[in-house]
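Engineer: Before anything else, here's the structure in question.
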Amino acid sequence: MLSAIQFTPALGMFLAFVALTLVITYFSARKATGSASYFAAGRSIKGWQNGLAVAGDYMSAASFLGISGMIAFKGYDGFMYSVGFLVAYLTVLLLVAEPLRNAGKYTMADLLAYRMSPRPVRAMASLSTLMVSIIYMIAQMVGAGGIIKELIHVEFAPAVIGVGALMLVYVVFGGMLATTWVQIIKAVLLMGGAFALSWLVLGKHDYSMTKFFTAVAHADYAGTMPEKNLLDPGMKFGQAVNPWGPLDFVSLALGLVLGTAGLPHILVRFYTVPDAKTARVSVAWAIGVIGVFYILTTFFGFGAATVLPIESILTPQGKENTNMVAPILAKALGGEFFFAFISAVAFATILAVVAGLTMSASTSFAHDFYSNVVHHGKENRPGQEIRVARLTAFVVGAVSIAIAIYMGPTANAAFLVGLAFAVAASANLPVILFSIFWKRFNTAGAVSGLATGLGSAVILIVLSPNGIFGKDGAIFPLENPGIVSIPLGFLGAWLGTILTKHDPDSEAKFAELNFRAQTGLGSEKAGSGH
């Protein structure tokens, strides 16, 4: 297997990144001696550091590679993905970040269990977290295998296994501190590559925005819609392309904007900072970094359309090779060295996101299900929770690797990511918001909301054009289920509450939760929780 690997500049840069992060993991492992250190990096991460880590966790391979290709081929409609991902963080900033940091300890379920019966709520929240994390991780693994196969000529299965093994090293030995620094380094590398690539694209148009967008309007990428140019809306979501297109766009927007505030691997990042003020600062940093990055995706996608002949980013079968647009553009503009750098950034992107997903899944199972559901919140032996989390990381990693290999490089990664966002928006967000803002909300509402949102999102995606029946046999016509599953999640939580008796304990704790969420008094501090 090793003899088949071709040593390239891309592989050399990737190995250098891996060596650096393994050194960080070694030193992080020496500090991960207690629960707060392992699960929350000792709550010692500064605002700007956490902001970069959040950005690193959020800007996945789908963002860097997929959106570039989407903009190149679908123009204005492709750029709407970038807008949706950016606007999503306003929901996190305004509604979720501060209360979550003040009321929780390690996971999303800590907030829900604050005023609810903890065992059923934690059990359902843990299931939802594991579902979102594993689905999201499988999408990254599939993307990793396909991209690495294209870039450094390693076969799909060993590429997926290699990425999974490295991710397990970061999480099992270094915990959240190592994962955080992997994400920070990845974010810096990604932004550096994004600025460099954008500068090279503008250089091809004399650094004139007018000349650039004029060239975009005349780019011959419209394909089956020659009457349009890439700056016209409707190439993906227009009714001429898809009768359900406009509704599908609204559904996608809802999933992106609301789903981010329910993604477990994003939410756990707010427990790594010392207080709520720092959580707000970190979101502001994240919005700045993410905003600049998604603006720069304009130059990746539209730049490819103005610089590259369309044949260069099509597969041998003539299909759109969207994942390779940015690397091919880098090679055309910056040569082999810059191509190698962008390739290494793609590797770093995948590793960082997968590590964050594994960390959130293993933390949720160990803290929520094992400690609080099975053992009623009592740790049997010191360090047992960390040991269970490490074992869970192995299991989650192995399951994700096996399913990714089974699905193969042709699996629809966008379908899997869409499912993860839909589940997060439909199941997690309604119960988070109702817990914070609705006094009447109770345990039955939380459980039914999580179950309804989770079940409806999964069922609708399975029945969608990307599901098991394919485009022609789809029972549900939309690719994105959010417009249906998100209201169902809220409806399930509301009905579960009003159709059951008042919970005096839950209502009594509402004022306490509200006070703590707004002031931070009594919240977990740096160094607590060991």
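Engineer: Taking region 241-266 as the region of interest, how many residues are outside any helix (DSSP H, G or I), of a type outside the set (A, V, I, L, M) and either out of contact with any Leu (no Cβ under 8 Å at 6 or more places or on another chain) or within 20 Å of Arg101 (Cα to Cα) (or both)?
Structural biologist: Of the residues in region 241-266, 2 are outside any helix (DSSP H, G or I), of a type outside the set (A, V, I, L, M) and either out of contact with any Leu (no Cβ under 8 Å at 6 or more places or on another chain) or within 20 Å of Arg101 (Cα to Cα) (or both).
Engineer: So, one more: Determine whether region 211-233 contains at least one residue that is within 22 Å of the chain's Cα centre (by Cα), small (Gly, Ala, Ser) and open to solvent by 10 Å² or more (accessible area, probe 1.4 Å).
Structural biologist: Within region 211-233, the first condition is being within 22 Å of the chain's Cα centre (by Cα), and the residues that meet it are none.
Within region 211-233, none of the residues are within 22 Å of the chain's Cα centre (by Cα), small (Gly, Ala, Ser) and open to solvent by 10 Å² or more (accessible area, probe 1.4 Å).
Engineer: Looking at Leu111, Leu166, Leu130, which one is under 16 Å from the mean Cα position of the chain (by Cα), outside any loop (DSSP other than H, G, I, E, B) and closer than 26 Å to Ser35 by Cα?
Structural biologist: Leu130
Engineer: Any residue in region 183-192 that is in contact (Cβ under 8 Å) with a residue 24 or more places away in the chain and over 22 Å from the mean Cα position of the chain (by Cα)?
Structural biologist: No - not one qualifying residue is present in region 183-192.
Engineer: Give all pairs with beta carbons closer than 8 Å in which a residue from region 392-403 that is more than 8 Å from Gly164 (Cα to Cα) and of a type in the set (S, T, N, Q) meets a residue that is assigned to a helix (DSSP H, G or I) and open to solvent by 60 Å² or more (accessible area, probe 1.4 Å); count only pairs at least 6 apart in sequence or on separate chains.
Structural biologist: What qualifies is Thr392/Phe365.
Engineer: Just name the residue that is most open to solvent (accessible area, probe 1.4 Å) out of those in region 373-413 that are among the polar types (S, T, N, Q) and either under 25 Å from the mean Cα position of the chain (by Cα) or modelled with pLDDT of 80 or more (or both). Please lay out each step first, then the result.
Structural biologist: Restricting attention to region 373-413, the residues satisfying the condition of being among the polar types (S, T, N, Q) are 380, 384, 392, 400, 410, 412.
With either under 25 Å from the mean Cα position of the chain (by Cα) or modelled with pLDDT of 80 or more (or both) added as a condition, the list becomes 392, 400, 410, 412.
Details: Thr392: 13, Ser400: 0, Thr410: 128, Asn412: 69 Å².
Selected residue: Thr410.
Engineer: Quick check on this structure: which one of Gly174, Gly193, Gly145 is surrounded by 20 or more Cβ atoms within 10 Å (Cβ to Cβ), part of a helix (DSSP H, G or I) and modelled with pLDDT under 75? Even if it seems obvious, please write down each step before you answer.
Structural biologist: Numbers: Gly193 fails: modelled with pLDDT under 75; Gly145 fails: modelled with pLDDT under 75.
Criteria check complete, one pass: Gly174.
Engineer: I'm trying to understand the selection: among the residues of region 451-476, which are over 27 Å from Ser63 (Cβ atoms) and in contact (Cβ under 8 Å) with a residue 40 or more places away in the chain?
Structural biologist: Passing the criteria: Ala451, Thr452.
Engineer: Next question. Give me the pairs: first residue in region 300-311 and among the hydroxyl-bearing types (Ser, Thr, Tyr), second residue open to solvent by less than 10 Å² (accessible area, probe 1.4 Å) and at pLDDT 85 or above, beta-carbon distance under 8 Å, and six or more apart or on different chains, which are they?
Structural biologist: Thr306/Val201; Thr306/Phe212; Thr306/Val216
Engineer: Looking at (1) within 27 Å of Gly397 (Cα to Cα); (2) surrounded by fewer than 22 Cβ atoms within 10 Å (Cβ to Cβ), find the lone condition where Ala53 falls short.
Structural biologist: (2)
Engineer: Among the residues of region 1-56, write down those that are at pLDDT below 85 and among the aromatic types (Phe, Trp, Tyr).
Structural biologist: Phe7, Phe14, Phe17, Tyr26, Phe27, Tyr38, Phe39
Engineer: Counting only residues that are open to solvent by less than 50 Å² (accessible area, probe 1.4 Å) and more than 22 Å from Val257 (Cα to Cα), how many does region 477-503 have?
Structural biologist: 3
Engineer: Which residues, counting only those in region 96-108, are more than 21 Å from Tyr38 (Cβ to Cβ) and open to solvent by 20 Å² or more (accessible area, probe 1.4 Å)?
Structural biologist: Result: Glu98, single match.
Engineer: Is it the case that some residue within region 85-97 is outside any helix (DSSP H, G or I), touching a residue at least 40 places away in the same chain (Cβ under 8 Å) and either basic (Lys, Arg) or out of contact with any Ser or Thr (no Cβ under 8 Å at 6 or more places or on another chain) (or both)?
Structural biologist: For region 85-97, residues outside any helix (DSSP H, G or I), touching a residue at least 40 places away in the same chain (Cβ under 8 Å) and either basic (Lys, Arg) or out of contact with any Ser or Thr (no Cβ under 8 Å at 6 or more places or on another chain) (or both): absent.
Engineer: Follow-up question, since we're still on this one. Being part of a helix (DSSP H, G or I) and more than 19 Å from the chain's Cα centre (by Cα) is the filter; apply it to region 269-295 and report the residue that is modelled with the highest pLDDT. Write out each step before concluding.
Structural biologist: Residues of region 269-295 that are part of a helix (DSSP H, G or I), as a first pass: 269-271, 276-295.
Narrowing the set further to residues that are more than 19 Å from the chain's Cα centre (by Cα) leaves 276-278, 280-281.
Working: Ala276: 78, Lys277: 82, Thr278: 85, Arg280: 83, Val281: 88.
This residue is Val281.
The values are calculated or read from the model by the stated rules, or taken from the named source; none is laboratory data. Computed from a predicted model, the values in this text were never measured in an experiment. Neighbour counts are summed over all protein chains in view; Cβ atoms, including those assigned to glycine, are modelled from backbone coordinates with ideal geometry. For accessibility, only protein heavy atoms count, side chains too; no ligands or nucleic acids. Shrake-Rupley method; radii C 1.70, N 1.55, O 1.52, S 1.80 Å.
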